[in-house]
Amino acid sequence: MKRSIKLMAISATAFALGSVSASAGPCTQQITALSKEMAVSDAGSGPTGARQAPTAGDQKGQHPATSLMSKETEGKATSPEDVQRQTRIKGEASNALALARKLDAEGRPECTDAVDIAERLLRL
């Protein structure tokens, strides 16, 4: 008797877990990846993850100090206007991603368009 109850409980759990993953929409993986990418960047400071430190003379034809400065500021805001622009763009990308989540939850393939828009905005 106990064995059949355990078997039924395990079967019910497996069925429930299977139903959750089966309800994923057409864009779930793209949305998850883009959400993670957005989470590791900060407006005005570029990526917040680990990266290699630049070395002097990395870019050929440039003075070592210029090369180092170019490498350090790559993808980062260098003025208050840059910070405002990046913050605005990140907000627009977040809105596009929210729309993608909504469409994805409804199982609508248009979510790919919203994900593409969010990705393009983040690359600006």
Is region 39-56 home to any residue that is loosely packed, with under 15 Cβ neighbours inside 10 Å and modelled with pLDDT of 70 or more? yes
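Just a yes or no: is a residue in region 95-106 at pLDDT below 85 and among the aliphatic types (A, V, I, L, M)? Talk me through it step by step, then tell me what you get.
Let us first name the residues in region 95-106 that are at pLDDT below 85, namely none.
Checked against the condition, which is being at pLDDT below 85 and among the aliphatic types (A, V, I, L, M), region 95-106 yields no hits at all.
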Checked against (1) touching a strand residue (DSSP E or B) at 6+ places or on another chain (Cβ under 6 Å); (2) under 20 Å from Pro26 (Cβ atoms), Lys76 satisfies every condition except (2)
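How many of the residues in region 107-124 are at pLDDT below 90 and within 16 Å of Ala33 (Cα to Cα)? Let's see the steps before the verdict.
Narrowing region 107-124 to residues at pLDDT below 90: 122-124.
Now narrow it down to the ones that are within 16 Å of Ala33 (Cα to Cα): 122-123.
So the answer is 2.
The values are calculated or read from the model by the stated rules, or taken from the named source; none is laboratory data. Everything numeric in this text was worked out from a predicted model, so none of it was measured. Ideal geometry is used to build each Cβ from the backbone, glycine not excepted, and the neighbour counts take in all protein chains shown.
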